[in-house]
Structures are given as C-alpha cells and as structure tokens.
Amino acid sequence: MTRILIVDDDPGLRGLISTFLERHGYRTDTAGNPPEMRAKLASGSYDLIVLDVMMPQEDGLTALKGLVAGGGPPVIMLSAVGGDVDRIVGLEMGAEDYMEKPCNPRELLARIRTVLRRNRGAAATAEPATAALPPVAENWIGFAGWRMQPDSRMVAAPSGQDVTLSDAEFRLLRALVDHPRRVLTRDQLLDFAHGESTDHFDRAIDVQISRLRRKLAAADDSAELIRTVRNEGYMFVPTVTR
C-alpha cells in the first residue's frame with residue numbers, strides 16, 4: 001500500500017488530510033514538525049511527503065533541503081504564503097509540487113497521484129549509470145554525442161549513461177531539440193512543451209530549464225547544450241541529427 005507522510009504543525013489539518021487520503025486507499029502517518037518527520041523516516045519508508053512550509057523552530061524549506069540531499073521521497077509543499085517567489089524557491093530546492101493553503105483536498109489528491117505516477121514511471125525506466133549505449137534505432141535523435149528516443153523517452157549521454165527526466169523535463173528537452181539553433185521565448189517553450197492551454201507563467205520555464213541543465217550537466221558537462229539569450233529566451237546549441 002502506498003504510504004504518505006503528512007508534516008504540519010496544525011493537528012486539525014493533519015487529521016483532515018490524513019482522513020481524506022485514507023478514504024482513497026492510501027496509508028498515512030503524520031508528524032507535527034521536521035524532527036518528528038525524520039524519526040518517522042528512520043523507522044519506515046514512505047512513497048511521498050506532504051510538507052508544510054511555515055513551522056516553528058525549523059521551517060519546511062530547511063527540512064526539504066535535507067530530504068533532497070539524503071535522497072528522500074518526493075515532496076509536495078503546502079504553504080499559506082502563495083507568492084511566486086516562494087513557489088519558485090520551493091521548486092528550485094527540489095519539491096515536486098507546491099500548493100497554496102488552504103488547499104482543496106481533491107486537488108491535493110490529484111497532484112499526489114500525478115507525482116507518484118511520474119516518479120514510479122521514472123524508476124521503472126531507470127538504468128544503472130554504467131549501462132551500455134542503447135543500440136541505434138531509426139527514431140533515435142542525436143546531438144553532441146547524446147542520443148534521445150522519443151517513443152520510450154530515453155536519453156543517453158555520450159558516456160552511455162541513461163539520464164532519467166520527469167515528464168515535464170523530457171517535453172521541454174524535446175521542444176528544444178525540435179527547434180535547434182533557434183531562440184525560443186518562454187511563451188513558445190510553454191506552448192511547445194505543455195500545449196497552448198497551459199497557464200503562461202514565465203518563471204516556471206526558468207525553473208524547469210535550471211533543473212534540466214543540472215541533470216544533463218551531471219551526466220556530461222563538456223558541452224553547452226542550452227544557451228540563455230538575454231531578454232529573449234533560450235536556444236538549443238548543438239546540431240541535431242535524426
């Protein structure tokens with residue numbers, strides 16, 4: 001059974017979220033602060049953490065930093081502070097999602113399902129870092145020694161290491177690869193990667209580009225793949241072969 005840990009200093013809210021999620025088939029535990037959270041994690045494993053930002057003594061962002069550094073489960077942040085800057089900071093630090101309080105329990109449930117589905121899909125397709133370069137196929141796309149397979153959503157570095165990307169990161173990379181050597185504005189990237197119906201929030205693209213760059217650089221930092229064009233957008237630098 002999927003286990004979720006709810007961390008919030010408000011016992012009423014903890015109980016409300018816990019009861020709602022358990023009605024929908026999840027097993028839940030709760031913690032009133034980050035030290036309690038760490039104690040729970042030390043005694044068992046969890047598939048996802050719902051973490052409040054504003055807590056006394058130790059805030060949720062500090063706790064998030066430790067979770068990301070320790071390879072902890074995915075985190076959805078909840079915060080009564082819903083400004084763009086706070087949302088960006090949480091996402092930049094490694095949160096999978098960020099919701100403003102008070103939140104609709106049904107929306108929280110939908111986002112939990114999305115995060116769990118995305119992470120399980122990534123884990124199912126992940127390969128060891130030493131895996132050999134996949135065999136050449138007709139629908140592989142190449143750039144700067146990298147290989148990308150759109151159907152299976154596999155990305156292989158020049159070393160042969162497979163790089164696991166989230167759905168959003170893969171769609172963004174695909175949009176860049178499909179328009180090489182061309183400056184794309186943030187609005188264009190949002191449309192190409194997520195469709196024209198998405199909310200146009202410019203800084204969301206900056207956050208996703210930053211995450212994508214980190215993952216690509218971790219596998220191979222020998223070449224510049226994505227260039228920032230000041231006041232305009234981003235450009236995919238390498239020549240693309242199909």
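Numbers for the structure displayed
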| read-out | value |
| --- | --- |
| DSSP bridge orientation in the chain - percent antiparallel, rounded to nearest 5 | 45 |
| Carbon plus sulfur fraction of accessible area for the chain, probe 1.4 Å, in percent | 49 |
| All Cα pairs of region 1-100, percent lying beyond 17 Å | 46 |
| Neighbour count of at most 10 Cβ within 10 Å plus DSSP loop: longest GluC sites (Glu not before Pro)-free window in the chain | 1-137 |
| Cα gyration tensor, region 141-242 - rounded (a/c under 1.5), prolate or oblate | prolate |
| Cα-centred dipole magnitude for the chain, charges only on beta-carbon of K, R (+1) and D, E (-1), debye, nearest 20 | 540 |
| Translational diffusion of the chain, µm² s⁻¹ [Kirkwood Rh, Cα pairs; Stokes-Einstein; 25 °C; 0.890 mPa s] | 126 |
| Nearest-10 value in Å² for the accessible area of Arg118, using the 1.4 Å probe | 60 |
| Per residue, in Å², the accessible surface of the chain once ligands and nucleic acids are set aside, probe 1.4 Å | 51 |
| Within straight-line cross-link reach of Lys65, aspartates and glutamates at Cα separation under 18 Å, skipping those fewer than 8 residues along the same chain | Asp8, Glu36, Asp47, Asp52, Asp86, Glu92, Glu96, Asp97 |
| With DNA, RNA and ligands ignored, accessible area of Lys65 (1.4 Å probe; Å², nearest 10) | 140 |
| Arg211 - accessible surface, heavy atoms, 1.4 Å probe, Å² rounded to 10 | 50 |
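The values are calculated or read from the model by the stated rules, or taken from the named source; none is laboratory data. None of these values were measured; they are calculated from a predicted model. With ideal geometry, Cβ positions are generated from the backbone for all residues, glycine too; neighbour counts draw on all protein chains shown. Accessible surface is based on the protein model in full, side chains and every heavy atom, while ligands, DNA and RNA are left aside. Shrake-Rupley method; radii C 1.70, N 1.55, O 1.52, S 1.80 Å.
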